[in-house]
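Notes to accompany the following structure.
The values are calculated or read from the model by the stated rules, or taken from the named source; none is laboratory data. Given the structure is predicted, the values throughout are model-derived calculations rather than measurements. Positions of Cβ are backbone-derived with ideal geometry, glycine not excepted, and every protein chain shown enters the neighbour counts.
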Amino acid sequence: MARMKAVQVRKPGGSFELVERNIPDPARGQVRIKVEACGICHSDVLVKEGLWPGIQYPRVPGHEIAGRIDAVGADVTNWQAGQRVGVGWHGGHCFTCEFCRRGDFILCRNEKITAIHFDGGYQEYVIAPAEAVAAIPDDLPAAEAAPLMCAGITVFNSLAPAIWSRFKVSADLVISVFNMPGKWDTVLSRSGADRTKTRSPANSEPLFTLTRRPEIPLRPSKNWVAPA
Ligand SMILES: [Zn+2]
Ligand SMILES: [Zn+2]
């Protein structure tokens with residue numbers, strides 16, 4: 001069987017280890033991606049240090065993946081070998097829970113998380129659920145595309161509603177929702193606010209506070225079309 005290199009963490013708090021593994025085959029509903037680049041996210045520390053409940057080790061970190069589909073499993077009809085794709089934090093959803101039926105796949109009750117529930121991008125090949133994969137333009141270099149899959153989408157999804165509603169936003173506007181078992185954390189900031197806070201419904205006390213930076217006007221790109 002063909003082999004590949006992978007960087008894994010053998011146990012919570014363990015060191016990164018370069019190992020050889022068999023190249024896995026995609027099962028039904030999965031694709032195999034030949035990894036061209038993988039960004040490094042601070043959330044990789046959750047895997048490295050065992051800070052997320054239920055991770056099975058050894059585990060390969062990395063959830064900012066860019067590459068090319070190499071093989072598809074049974075019943076995968078929307079992807080084919082050769083397509084350039086990426087995978088981010090969101091690693092798949094069930095399509096049947098109440099959130100999925102609303103289209104809020106990121107809130108899926110049965111959500112999978114890349115590199116938490118299956119091995120991530122610090123390896124030569126990744127197996128991912130077909131619904132977790134996003135297309136990447138052919139002319140976007142992999143090393144530039146990879147960080148967009150987590151850091152990029154986080155910022156984009158934070159700023160897009162502000163652009164749509166034509167708010168001026170402050171430089172530190174961040175709306176970020178972290179789906180952690182038993183805890184929801186939201187970081188919010190808006191123009192005119194003195195501080196930004198993150199709160200958890202389970203604990204109304206702010207977890208930390210950021211000082212507001214000077215406001216800057218946010219300019220849509222020249223390709224931006226305001227929604228009707
Ligand atoms: Zn990340
Ligand atoms: Zn679901």
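Could you please let me know if ALA143 is surrounded by fewer than 17 Cβ atoms within 10 Å (Cβ to Cβ), modelled with pLDDT of 90 or more, not assigned by TED's automatic domain parsing to the domain that holds ASP75 and not charged (D, E, K, R)?
yes
Each row is one residue, and each column tells you yes or no for (1) touching a Gly at 6+ places or on another chain (Cβ under 8 Å); (2) touching a residue at least 60 places away in the same chain (Cβ under 8 Å); (3) among the charged types (D, E, K, R).
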{"site": "LEU107", "(1), (2), (3)": "no, yes, no"}
{"site": "ILE116", "(1), (2), (3)": "yes, yes, no"}
{"site": "VAL126", "(1), (2), (3)": "yes, yes, no"}
{"site": "ALA132", "(1), (2), (3)": "yes, no, no"}
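Is there a residue being more than 16 Å from ligand 1 (Cβ to nearest atom), surrounded by 14 or more Cβ atoms within 10 Å (Cβ to Cβ) and not aliphatic (A, V, I, L, M) anywhere in segment 42-53?
Yes, because at least one residue in segment 42-53 is more than 16 Å from ligand 1 (Cβ to nearest atom), surrounded by 14 or more Cβ atoms within 10 Å (Cβ to Cβ) and not aliphatic (A, V, I, L, M).
The condition of being under 17 Å from the mean Cα position of the chain (by Cα), buried (at least 18 other Cβ atoms within 10 Å of the Cβ), among the aliphatic types (A, V, I, L, M) and within 16 Å of ligand 2 (Cβ to nearest atom) holds for only one of ILE113, ILE106, ILE33, that being ILE113. Evaluating GLY92 against the criteria (1) more than 16 Å from ligand 2 (Cβ to nearest atom); (2) over 21 Å from PHE16 (Cβ atoms); (3) touching a residue at least 40 places away in the same chain (Cβ under 8 Å) leaves one unmet condition, (1). Filtering segment 80-91 to residues that are crowded, with 18+ Cβ neighbours inside 10 Å, under 15 Å from ILE127 (Cβ atoms) and more than 16 Å from ligand 1 (Cβ to nearest atom) leaves only VAL85.
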